[in-house]
Structures are given as C-alpha cells and as structure tokens.
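The values are calculated or read from the model by the stated rules, or taken from the named source; none is laboratory data. Bear in mind that the values here come from a model prediction, so they are computed numbers and not experimental data. Cβ sites come from the backbone with ideal geometry, for glycine too, and all protein chains shown count toward neighbours.
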Amino acid sequence: MVPWLADHPGNPSGAHKSAREARRAIDDVRDLVAELVGGDPGDVVFTSGGTEADNLAVDGVLGATGGLAVCSATEHPAVLEPVQESDGLIAPTDKAGRVDLTTLAEILDAVDDVALVSVMLANNETGVINPVAEVAALVAEKSSTTVVHTDAVQATAWIDLATHCAGAHLISLTGHKIGGPKGAGALVAKKGTPLRPVLRGGGQERERRSGTQNVPAIVGLGAALRLAMDERAAVVARVGALRDRLETGLLRTVENTTCSLPSGAERTPLVAHLCFGGIASESLLFLLEQEGIAASAASSCASGAQEPSHVLAAMGVDRLVAEGALRLSLGWTTSEAEIDHALEVIPPAVARLREYA
Amino acid sequence: MSRVMVAMSGGVDSSVAAALMLEAGHEVVGVTLRLWGGESDSGCCAVSDVDDARRVADTLGIDHHVFNMSEEFDQHVVEPYVAAHAAGLTPNPCLECNRHIKFDLLHRRVEALGFERLATGHHARVVQTAAGVYRMARAVDAAKDQSYVLHMLGQEQLAALDLPVGEMTKDEVRQRAATLGLRTATKPDSQDVCFITQQHGRQDFLRQRISLTPGRVVDADGNELGKIESVEMVTIGQRKGVATVGGADPRYAIAVDVPSATVTVGSAADLLVKVTPVKNFTWAEEPFAGPVLAQISAHGQPMEAELAGNEVRWAQRQRRVAPGQAVVFYDGDQVIGGAIAG
C-alpha cells in the first residue's frame, strides 16, 4: 500500500504513465476479486466498503427496474435500512437466524414484482451461514428476472465464496474484515444485472460507481485477499478450535450460561456468542475492557451505546436473555494465550456482576 | 484517592465536575447515559451531547463510556410521565430520572463496576452533620440550586456522591471551563424536559401517546364558563387558557378532574390553601414531623410550615400545589426529605 500513497500518485482514470501504473494496480486486484467469487473482472465495482456496496445493490436494482426488495430479518443495517425505506419485505428466519426458505418461496409465489432478494452469507453478529446458493436456486426457479444479492462481507475471510454464492448476481465484500485497510470494498455485479448507479459523475467503474478509486486501499484489499485465499484452510481449522475451546470453557465454568446459537448451525469461526443470565452485558463489556478484552454485546448506535440486537430478536432469543449477550470475536491473529486469558477473567467478572445485581 | 465515575451529560457543569475530580487526584472515568431514543433538542439525550462529553473527556485525558439506559428511562420516567398527565397530575420527570436512573440504576452500576464514588455536575452540596449524617444542602449559587430535584437521595447514595460544582457559582464554572480549554465552556444551559422538543412541545408529545380530552371550565358552584381543548394539559394554578373565561377577574385553575373532563377555576384567593396533602415520602435519614421549610417547585421560595403526618400545614396560606409535584422539606439549607403532593 505504502508506495501507492507516496511514490505513485497517479489517478487510474488518467492517461499518463503514472495513471496507467495505478490503473494496473487496481485491475490486478479486480482480477483477484473475480477469481475469489468465480466471476469476470469486468463484474467488479470497487466501492468505499461494504455499506456502499450493499446500498448500491439495493438502491441500484430498485432504481433500474422498480419493484419490491425482499431481505432477511438478520441482514446488516446497510441492507435492512434501504430495503425498509423502499417499503420492501422482511423475511423471517429460523432459530439460527437463517432465512426461512418456505416463507421466501411463498413471497415469491404471492408477489409478482420482486426485483431483489438479499440474503447475507455469514451474519456479522453470529457468523451463521445462510444457504445463499439454495436461495439463488429457489429464486431462479420462481422468478427469472429477480436479482439475488448477498452481503459476503463477514464470510470472505472464512469460506469459499465461489461455491457458497453460486447463482447470486450481486456480492458485497470489504477489505477491513479480512485484515485490509478501511476504505475499500467491492460489489461484484454479474454481467447483465440491472444496476442504476448511486454515485454519478466521472463514470468510473464502467459507469456503475463514479469517483476516483482509492488506489492504496484497493491495493491493500488485494494483499489481504491474497493472504486470505492462500491461508484460509489452515486459519479456519486453527481459529475454529480456539472458538470452540472458548465457548465450551465458558459454558462449563459459568453457571446459567447458554450458547446463543442452536447447535449444528453451520457458522464461521468468527465469533463465540454466549448469553449470561442475570447480568447486563454493557457492564460486562466495561469490566472486560479493563482486563484488555474488547468484546461487544449487540451493535453500537451513533452515540456509542449498545443497542438491543435485531439479530437475536429475529432468532427469537428472549429479550431478557439477550440482555446478557456477549460476542467475543476471533481472528487469524487470535492466540491460545488470549483464549486462556479470556477463560480466566470472564467467569469472575460475570460472578461480580451477579453479586451486585 | 478514589475510583470515581463522573456522569457527563455533555454540558459545562459535568465537564468541570470531571476536571475537578481529576485535579483532586482521583482516578476518573466519564460516562454518558443514553436515555431517550426519540427526537430531542436539549438535555441529556442527543448524540451531539454525547460527542461533547466524549471530546471533553479526550481533552482531560480520561476514559469515556456510554451506557444505554433508554429502556429503563422509558419505563421509569417517560411512561409514568405520560400516565400522570393522563390522570390530570403534573409530573416532574427530571426528579424521577434522578430517583430511578441516575441515583439508583447508575449508582448501583458504579458500585458493581468497582468504583467507590459517583460524581455529577449538579448544583448542590453533600454535607455531613456533627452526628455524621449526610445531608443534601443548597448550592453556593442559589439561583442554580438543584437540591429540590435531588431531595430523594438517602444515606447510601449521599455517602458515595461528589458534587464538586455545588461549591461554585455558575460564572465560576464557566470561567474554569474556559481556563481548562473545555469546548463546553459557553454551551447554553439545558432547558426543560429532555425528551420534549421545543418545536413540538408537550401537547404534541402527549397527543401521540394518549387521547387528550376536551373539557368544560366551571366555577366553584359548577356553572359552566367555557370550553377547553384538553384537560390533561392544565396544571393547578395555571392562568393560560382559563384566565379570562367567564368574567373580568383573573381566573386560575384550582382543580382538574379528568374522568368528568372538568377544570374548575377560581380567583387568586381561591387558589390559596392552608394545608397541602402529601404522600410517597422519602427521607435523607429518618422520618420527621414538626416545623420545616417547605419548597413546592424547583426554584421556588422555601416557606414555613408544620409537617404533620400526611399534611403540610402552612404558616401562611399558600398557592395550591399541583398534584404530582414534589414538596421538599428543609432544615435551614439542608434537605431532610420530600414527598409528592396528592
């Protein structure tokens, strides 16, 4: 990345040598993204990140074709809000937060102008994996003109997108969830997918997303993608084992604790998700931060306060149980020692809060 | 040195309170409560106020957290406020927020998180009597005194509470903030109820939540003098909307009855009473009966009275106290307890 901040200032849209260098740098990443999802380099639209890619998918399809958008209740707000704002439909999920295929089929049968179905690949709060390829097959069977979008932001690091997203027309991803810099992501738009641009102007990204590309961040996205693709299998095995050790360890040592997710649900190793009875997770987060653990409960609002999780609500988790939810995110750098530390400090912190409750 | 959590609203008083606790050598962490999720233009709830608190904490070099207590705020402050209006009472939501949120929920959380003390930017003082009893006392700046809205604190809360700006005038607080380079130095004081916007007002807020009842305005003998848009909006002692109904003399609301949709009006003399019934007592230490100074509004004058059971017997006739409002009892400038007018 650094050379593209300092030594190569070229604008990829220009005609000079330095511009061509920049153009080549981002087109190399374009090839890589295409390889990742099993698409064509011309399908790749670079964006500022996942939110922009999701917004472009929903607003872009509705803007091009009109009609109705449908998404699942556990989507990231970057999909959920544009769908709700367009008076779209929210499909319910099962207890693992996966879209309910029967209801989705009923919606497709009952409503004849469904323009877009958006179902995320891996949930950002729970890591649970949706059957996106099945969703795409269902949609193709019911309505050939309906576009399928999947937000793969939280899945990219962990699972093979080409197989899991088979049949999807639009795929969102972002660099900073795979160890790249913030500020670069992409929407992969398979050829022929109707898409009205949200950002208009210079016509970059084949008229689908105007604005000068963030070359250093896109180069960083590419480096992170390369690493993720090369090391995925080993990382998934190692981090998955750490996550299981963390969850089972806490379930064993802390009474009145439940795993928030039904057993057997396929999920990425991203997160250990537990609900501790009788405490407010906001207090637990405070105590854990003092022990060097940065965890979350649900999601943060603009003020920085914790908000009740719409994902747990959609899964049917009781509101009182959800008040004690804790999300411990893992990554490729997570170590055995960090898991030991978490297993050592979380039980007494929960015990202290229960004592004062 | 103690571990102190400072409740920072994003205003100048709590900004300076945090600075003073830090200067006193304490380990200080700032916290802002997210209380109201809806529309707001003042008080403790807007994101811009959280940003102000956070940036003041950055300037002071202390940690800052946000606690979401909006569900509890709805449950203990907003819903009872709406219900009280629906019953024709005149609630004081700031007082209920202090009672249930800041000095109960937050007080307990501060303790659970391992802090010894809570500090806020209220203008009042915590003093100790010769016998070792803690009392809430009036602020140095009489015009800014908030002891009335803090009257419900008991020994446990008072013993663990610091109110550093209670020793300063508002001007001194602003000067100190300016000297410290705090961005809130010239921020205007918050006004009114934080969950009611100036643009829409109380009536719109209530209308979205309860049906407002059109009613009759009658005199003491029951003769109808006129109509009124909503009886729930009328407070005892109010002149607005009823002052000129039915005659030339100034009229005041002297009774509100929601079930019969009736507001009774009378003259200024009709508004005066010898006794005010009260209930729901709280005490700084222990129950008291006998001579007190009693105050019936946040910035009202303390009046001589005799506290006898569930009655406040005024030395001189007083204006009726709107049911739902607090009557706070002082011994000199120290709070000994309070109650709600019935």
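Kindly establish whether A:Ser309 is surrounded by fewer than 22 Cβ atoms within 10 Å (Cβ to Cβ) and of a type in the set (Ser, Thr, Tyr).
Considered against the rule, which asks whether it is surrounded by fewer than 22 Cβ atoms within 10 Å (Cβ to Cβ) and of a type in the set (Ser, Thr, Tyr), A:Ser309 comes out as no.
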Worksheet item: Is it fair to say B:Asp257 is of a type in the set (D, E, K, R) and either touching a Gly at 6+ places or on another chain (Cβ under 6 Å) or more than 26 Å from B:Leu95 (Cα to Cα) (or both)?
Response: no
Worksheet item: When you go through B:Thr90, B:Thr59 one by one, which is the residue that is farther than 27 Å from B:His299 by Cα and surrounded by fewer than 24 Cβ atoms within 10 Å (Cβ to Cβ)?
Response: B:Thr59
Item to complete: Tell me which residues, restricted to region B:268-306, are more than 29 Å from B:Ala124 (Cβ to Cβ) and either in contact with a Pro (Cβ under 7 Å, 6 or more places away or on another chain) or of a type in the set (Asp, Glu) (or both).
Response: B:Ala268, B:Asp270
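Residues checked against (1) hydrophobic (A, V, I, L, M, F, W, C); (2) within 17 Å of the chain's Cα centre (by Cα); (3) at pLDDT below 95:
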position	(1), (2), (3)
B:Val263	yes, no, yes
B:Thr276	no, no, no
B:Gly290	no, no, no
B:Ile296	yes, yes, no
B:Val328	yes, yes, no
Practice prompt. Output the number of the condition that A:Gln213 fails; it satisfies all remaining conditions of (1) assigned to a strand (DSSP E or B); (2) at pLDDT 95 or above.
Written response: (1)
Worksheet item: Would region B:190-198 turn up any residue that is acidic (Asp, Glu) and assigned by TED's automatic domain parsing to the domain that holds B:Leu22?
Response: no
Item to complete: Quick one: in region B:98-132, of everything that is among the β-branched types (Val, Ile, Thr) and outside any helix (DSSP H, G or I), which residue is surrounded by the most Cβ atoms within 10 Å (Cβ to Cβ)?
Response: B:Thr120
Discussion item. Kindly evaluate B:Glu27 against the criterion of being surrounded by fewer than 22 Cβ atoms within 10 Å (Cβ to Cβ), among the acidic types (Asp, Glu), within 20 Å of the chain's Cα centre (by Cα) and more than 10 Å from chain A (Cβ to nearest Cβ).
Written reply: no
Practice prompt. Taking the residues in region B:262-313 that are on the phi > 0 side of the Ramachandran plot and not in a loop (DSSP other than H, G, I, E, B) as candidates, determine which candidate is surrounded by the most Cβ atoms within 10 Å (Cβ to Cβ).
Written response: B:Asn280
Item to complete: Kindly indicate whether A:Gly167 is without any contact (Cβ under 8 Å) to a residue 60 or more places away in the chain, surrounded by fewer than 20 Cβ atoms within 10 Å (Cβ to Cβ) and touching a helix residue (DSSP H, G or I) at 6+ places or on another chain (Cβ under 6 Å).
Response: yes
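Being buried (at least 20 other Cβ atoms within 10 Å of the Cβ) and either acidic (Asp, Glu) or more than 17 Å from A:Glu355 (Cβ to Cβ) (or both) is the filter here; which residues of region A:263-281 pass it?
Residues satisfying the conditions are A:Arg267, A:Thr268, A:Pro269, A:Leu270, A:Val271, A:Ala272, A:His273, A:Leu274, A:Cys275.
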Worksheet item: What helices (runs of 4 or more DSSP H) completely inside region B:148-261 contain at least 3 residues that are more than 30 Å from B:Gly114 (Cβ to Cβ)?
Response: B:170-179, B:201-207
Worksheet item: Pick from region A:272-331 the residues that are closer than 24 Å to B:Trp36 by Cβ, among the polar types (S, T, N, Q) and assigned to a helix (DSSP H, G or I): which of them is nearest to the other protein chains (Cβ to nearest Cβ)?
Response: A:Ser283
Worksheet item: What number of residues within region B:174-212 are buried (at least 21 other Cβ atoms within 10 Å of the Cβ) and within 19 Å of B:Cys94 (Cβ to Cβ)?
Response: 4
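Where in region B:44-97 are there helices (runs of 4 or more DSSP H), lying wholly inside it, with at least 1 residues that are acidic (Asp, Glu) and either within 14 Å of chain A (Cβ to nearest Cβ) or touching a Cys at 6+ places or on another chain (Cβ under 8 Å) (or both)?
Details: elements: B:47-60, B:70-73, B:79-86, B:93-97.
In region B:44-97, the matching helices (runs of 4 or more DSSP H) lie at B:47-60, B:70-73.
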Practice prompt. Please find, within region A:332-348, the residue that is farthest from the other protein chains (Cβ to nearest Cβ) out of those that are within 19 Å of A:Phe286 (Cα to Cα) and surrounded by fewer than 21 Cβ atoms within 10 Å (Cβ to Cβ).
Written response: A:Ile339
Discussion item. As an exercise: evaluate A:Thr212 against (1) of a type in the set (Val, Ile, Thr); (2) within 14 Å of chain B (Cβ to nearest Cβ); (3) loosely packed, with under 14 Cβ neighbours inside 10 Å and give the number of the one condition it does not meet.
Written reply: (2)
Discussion item. Given the options A:Ala115, A:Ala133, A:Ala152, A:Ala122, name the one that is more than 30 Å from A:Arg243 (Cα to Cα) and not β-branched (Val, Ile, Thr).
Written reply: A:Ala115
Worksheet entry | Pairs with Cβ under 7 Å, 6+ apart, first in region B:107-118 and within 11 Å of chain A (Cβ to nearest Cβ), second surrounded by fewer than 21 Cβ atoms within 10 Å (Cβ to Cβ) and hydrophobic (A, V, I, L, M, F, W, C) | B:Leu113/A:Leu287
